[in-house]
Amino acid sequence: MRLLAIAVAGLLSTWAAQAEDMQFPDASETPEELITLWKESNSTCRGAPGGDVKVAAACLSRSVYGAALNERNWCLGKKDQASAEMTWHKCGADSLRFPPFIIPEQ
């Protein structure tokens, strides 16, 4: 029983530390909404020549949506998977994550 209590306490402290590190803890979008937004941004980011403000904004948005999804334990693709095979899924040990998004200071 004592080992169970220690394990639960460890999990709770890990979860609390992760929650403190979240960049978007109060986001109201569901994972499904974030995936839709990511797909829209990805389409613009990948489908147009660079240099346009719209393209730059889409690429930045894609990074923000990806980071927010990762915080909700959703990942895009797995290690050793081709880009065309990558889909959004609940994160696992071999899942790929977006790097944290650096929010510019205001």
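The values are calculated or read from the model by the stated rules, or taken from the named source; none is laboratory data. Remember, predicted model here, so these are calculated numbers, not experimental data. Backbone-built Cβ (ideal geometry, glycine too); neighbour counts: all protein chains shown.
Within region 50-106, the residues that satisfy the criterion of being among the hydrophobic types (A, V, I, L, M, F, W, C), under 20 Å from E32 (Cβ atoms) and assigned to a helix (DSSP H, G or I) are A58, V64, A67, A68, L69. Being hydroxyl-bearing (S, T, Y) and at pLDDT 95 or above, is that true of even one residue in region 95-105? Scanning region 95-105 turns up at least one residue that is hydroxyl-bearing (S, T, Y) and at pLDDT 95 or above.
Only a single criterion out of (1) in contact (Cβ under 8 Å) with a residue 40 or more places away in the chain; (2) surrounded by 14 or more Cβ atoms within 10 Å (Cβ to Cβ); (3) farther than 20 Å from L96 by Cβ is not satisfied by A68, namely (3).
All of D52, D94 fail the test of being touching an Asp or Glu at 6+ places or on another chain (Cβ under 9 Å) and not β-branched (V, I, T), apart from D94.
Among the candidates A82, A58, A16, which residue alone is loosely packed, with under 11 Cβ neighbours inside 10 Å and modelled with pLDDT of 85 or more? Steps first, answer last, please.
On the way: A58 fails: loosely packed, with under 11 Cβ neighbours inside 10 Å; A16 fails: modelled with pLDDT of 85 or more.
So the residue among A82, A58, A16 that is loosely packed, with under 11 Cβ neighbours inside 10 Å and modelled with pLDDT of 85 or more is A82.
Beta carbons closer than 9 Å, at least 6 apart along the sequence or on distinct chains, pair a first residue in region 27-44 that is over 15 Å from W74 (Cα atoms) with a second that is loosely packed, with under 12 Cβ neighbours inside 10 Å for T44/K54.
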